[in-house]
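The values are calculated or read from the model by the stated rules, or taken from the named source; none is laboratory data. Predicted model only: the values in this text are computed from it and were never measured. Heads up, the Cβs are rebuilt from the backbone with ideal geometry, glycines too, and the neighbour counts pull from every protein chain shown.
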Amino acid sequence: MLVVAARTAVGVLLGTLAGWSQGSLLDRTILALAEIISAFPTLLIAMILILAIGIRLGLQPFVISLCFVGWGEIMQFVRGEVISIRPKLFIESAVALGARSPRIVVRHILPNLLPSLISLTSLEMGAVLMLLGELGFIGIFIGGGSLIELPSMAVLYSDVPEWGALLSNIRFQARAYPWTALYPMLAFFTSIVGFNLFGEGLRRLIAEGSLVINRLFNRYTLLLGVIVVLGMSWFKDHSGALAFYRQQAGEFNGQNAMDYDRELSDPGLFGRALGTPGMDQAAEYIAGQFKQLDLQPAGEASTYFQSRVHAFGQLNGTPAFTIHDGESDLAYGEDFAAYPGRMMTGGDGSGPVRFISLGKPSPVVAIGRISYAELDRADFLGEVLMVLSDREASLLSYRSKEGVLVVTDDPEKLKKRYTISGRSGRGHNYQTGETWGDETPWIWISEETAERILAGSGYSLADLRRQSETLAIEELYELPLPITVSLDMKGAAIAEATVRHVLGYLPGTWGIERCTTCLDVKLIVVMAQYDAPPLGYDGEIYPAANDNASGVAVMLEAIRTIQESGYQPYKTFLFIAYSGEGLDGGEPTSDPDVRGFLQARTGFSNFEVEAIIHLRGLSAGSGDRLEVSAGGSLRLAELFERSARQMGTAVMRAKEGIDISQIYDEGSTIQHGGQEAPEVRLDWEGWQAYSRSAVDTFEHISQKNLNDAGRAVSLALIVLGRETEY
């Protein structure tokens with residue numbers, strides 16, 4: 001309906017302007033624009049626009065895109081009607097009486113167009129539904145859906161009932177389950193035929209004079225409709241359960257959240273850095289707050305803790321990087337920095353630099369393997385390799401070399417502290433017989449440093465980037481550079497550092513005795529990382545007040561708000577403050593799998609996870625709005641956006657992309673990771689500006705931001721805990 005309204009509004013406006021100024025430059029411009037748009041395939045241009053605007057934004061990109069491709073026909077019709085009406089006597093009479101053009105159009109032309117537009121709108125409904133069905137069949141539907149993994153393919157799943165989403169995976173199932181296509185196809189078919197018949201019937205009634213539209217639709221009925229809609233919206237927001245939920249969420253106290261943040265960012269906790277006593281003290285503090293807030297222990301052995309072993313790398317001395325060109329020395333944190341890649345960075349190396357660039361991987365390869373035949377045959381022994389991307393750096397992990405230089409276009413990365421990988425680089429290539437060591441220096445370098453390395457080669461960084469873009473699939477490009485460099489990274493691998501996740505739960509109250517839907521077996525997971533990267537070689541403490549003491553602070557105050565407001569959730573809440581730095585079993589822990597936490601307490605694996613909420617960077621940022629990222633869960637994203645607005649918090653949807661090629665790539669056997677449950681990530685706009693830096697202190701956080709974010713989070717959690725329709 002919104003799409004049709006938008007197309008009609010734009011078409012009527014432009015058609016009226018073109019028809020009233022027939023033959024003018026404006027008329028010719030509007031007609032030319034319509035002809036240019038109509039020259040492109042409607043389905044293709046609609047798909048491109050939706051993906052460009054952001055399919056994750058929900059209905060908005062569909063309204064804009066389908067309006068863009070569909071206003072031309074309405075404009076042509078309205079233009080023709082205006083041209084035919086303008087010479088009529090009643091228009092000439094209005095002109096003779098001195099009426100201005102806008103008044104004539106509004107009072108005399110548009111009312112005469114209204115009957116035809118009502119019929120045309122019905123026909124447009126059928127056209128829009130047809131286009132939505134076509135888009136759905138090629139995997140473009142409202143919200144974009146969540147990517148889930150099946151044994152033989154990756155599919156998109158939508159948590160919002162939508163006919164286009166039902167059609168999105170039909171082409172993969174047509175042979176095995178052909179009947180699954182019948183239901184959405186019949187829905188589209190009957191609706192399109194119904195709207196077309198209704199529009200045609202309406203047109204005939206108007207032509208015969210049996211139906212006078214102007215008596216049904218006028219300024220008074222329009223005003224009454226607006227009043228009714230506004231009244232219903234106000235009544236919905238200020239009555240029923242939502243009014244009580246808003247009152248309960250309003251108990252969130254920003255000052256309490258500030259107090260939690262102050263405790264967690266105290267310098268005595270060493271910034272909660274991985275591998276320090278302060279990290280254990282922070283875990284104890286959070287567990288104590290869980291107990292004080294009457295959460296039930298959800299950890300091991302009836303405690304609040306789940307112990308794990310994380311591996312990470314530690315810098316033990318001042319890193320050094322020298323370009324042997326006789327120029328000035330390079331500064332750590334400005335010109336270069338330790339690279340947090342797949343392998344640990346450490347040791348020293350020296351040698352000539354060789355630039356390496358790799359073409360895109362083949363879409364059809366063995367599971368878990370990307371093959372570069374030329375790379376397998378290459379020999380980089382005694383050389384330092386320079387690459388332009390993390391992907392290329394990762395593919396060079398298992399090759400002998402003196403060191404790796406990764407060029408970054410973001411100088412802020414060089415100033416921040418990241419956790420260095422604790423994965424040993426020692427290994428053996430059974431195809432080539434090559435063995436590599438475990439102490440290879442890996443560093444980030446700035447673009448200015450890269451240009452200095454390239455100075456005598458005749459190439460610039462821009463030249464190499466253009467060359468890299470032209471490479472064929474799995475092509476290797478090498479460029480030996482006439483410069484020698486030396487690296488020295490004094491590092492050590494910490495293979496077994498014990499960390500503790502903190503888990504507490506609030507049981508649901510809608511159990512078996514009242515069970516129709518058994519809501520207490522539904523689990524709402526709220527997560528916030530509480531630790532930070534290890535201390536640097538200089539021992540400087542980064543308080544990490546925003547990233548992510550603020551996430552834990554909001555979580556703790558939201559728990560207090562829920563507990564002290566008298567709110568009783570029907571579903572079960574699981575609150576997790578987790579360690580997200582280092583490697584667990586050789587895998588990164590920054591985005592942990594919820595299933596690992598459910599194993600801490602017996603019986604938790606029987607819960608059905610309904611939603612996962614990630615909290616991070618909620619007290620400071622370069623923007624002034626709460627940012628919502630939901631990875632394809634349109635219902636969850638809209639719930640948190642709606643909750644923020646109802647609590648007076650400015651909110652925005654994060655720009656999220658979707659790799660449609662994974663859906664169209666039927667030949668690939670690569671498995672794609674799916675989601676355990678719908679997820680939503682909440683942070684303050686631009687929170688990364690302070691993340692992992694020395695300026696992320698308690699003095700830079702905002703009580704207003706904590707309060708605004710906390711109230712929005714609290715309302716959304718309260719709604720999630722009781723409602724099934726949201």
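Taken together, the residues in region 590-603 that are assigned to a loop (DSSP other than H, G, I, E, B) and in contact with an Asp or Glu (Cβ under 7 Å, 6 or more places away or on another chain) amount to 2. Suppose the filter is outside any helix (DSSP H, G or I) and either in contact with a helix residue (DSSP H, G or I) (Cβ under 9 Å, 6 or more places away or on another chain) or of a type in the set (A, V, I, L, M) (or both); does ALA94 pass it? Taking the combined requirement at face value, the residue does not satisfy it.
Applying the criterion of being under 13 Å from the mean Cα position of the chain (by Cα) and modelled with pLDDT of 80 or more to the residues of region 647-673, the residue that is nearest to ASN705 (Cα to Cα) is MET652.
In the set (1) outside the structural domain of VAL713 (by TED's automatic domain parsing); (2) surrounded by fewer than 16 Cβ atoms within 10 Å (Cβ to Cβ), the condition left unmet by ASP294 is number (1). Considered as a group, the residues in region 33-54 that are touching a residue at least 40 places away in the same chain (Cβ under 8 Å) and farther than 14 Å from PHE141 by Cα include one that is nearest to the chain's Cα centre (by Cα), and that residue is THR42. Mind checking whether some residue in region 358-367 is closer than 21 Å to SER590 by Cα and either under 32 Å from the mean Cα position of the chain (by Cα) or among the β-branched types (Val, Ile, Thr) (or both)? Checked region 358-367: no residue is closer than 21 Å to SER590 by Cα and either under 32 Å from the mean Cα position of the chain (by Cα) or among the β-branched types (Val, Ile, Thr) (or both). Residues that are outside any helix (DSSP H, G or I) and of a type in the set (Asp, Glu) within region 278-316 comprise just one, ASP294. Annotation note: Cβ proximity below 9 Å between a residue of region 564-576 that is over 18 Å from THR724 (Cα atoms) and not assigned by TED's automatic domain parsing to the domain that holds LEU293 and a residue that is at pLDDT 90 or above and surrounded by fewer than 19 Cβ atoms within 10 Å (Cβ to Cβ) (sequence gap 6+ or interchain) occurs for no pair.
Annotation: of all residues in region 106-129 being β-branched (Val, Ile, Thr) and either surrounded by fewer than 20 Cβ atoms within 10 Å (Cβ to Cβ) or over 15 Å from VAL12 (Cα atoms) (or both), the one that is farthest from the chain's Cα centre (by Cα) is VAL106. Evaluation of ASP488 against the conditions (1) in a helix (DSSP H, G or I); (2) over 21 Å from TYR372 (Cβ atoms); (3) of a type in the set (D, E, K, R) shows that the sole unmet condition is (1). Counting only residues that are aliphatic (A, V, I, L, M), at pLDDT 95 or above and out of contact with any Leu (no Cβ under 7 Å at 6 or more places or on another chain), region 674-717 holds 2 of them. If you check TYR245, TYR332, TYR260 for being surrounded by 14 or more Cβ atoms within 10 Å (Cβ to Cβ) and in contact with a strand residue (DSSP E or B) (Cβ under 9 Å, 6 or more places away or on another chain), only one passes: TYR332. Taken together, ALA9, ALA32, ALA5 contain a single residue that is under 30 Å from ILE91 (Cα atoms), modelled with pLDDT of 90 or more and either assigned to a helix (DSSP H, G or I) or not hydroxyl-bearing (Ser, Thr, Tyr) (or both), which is ALA32.
The requirement of being in contact with a helix residue (DSSP H, G or I) (Cβ under 8 Å, 6 or more places away or on another chain) and outside any strand (DSSP E or B) is not satisfied by GLN247.
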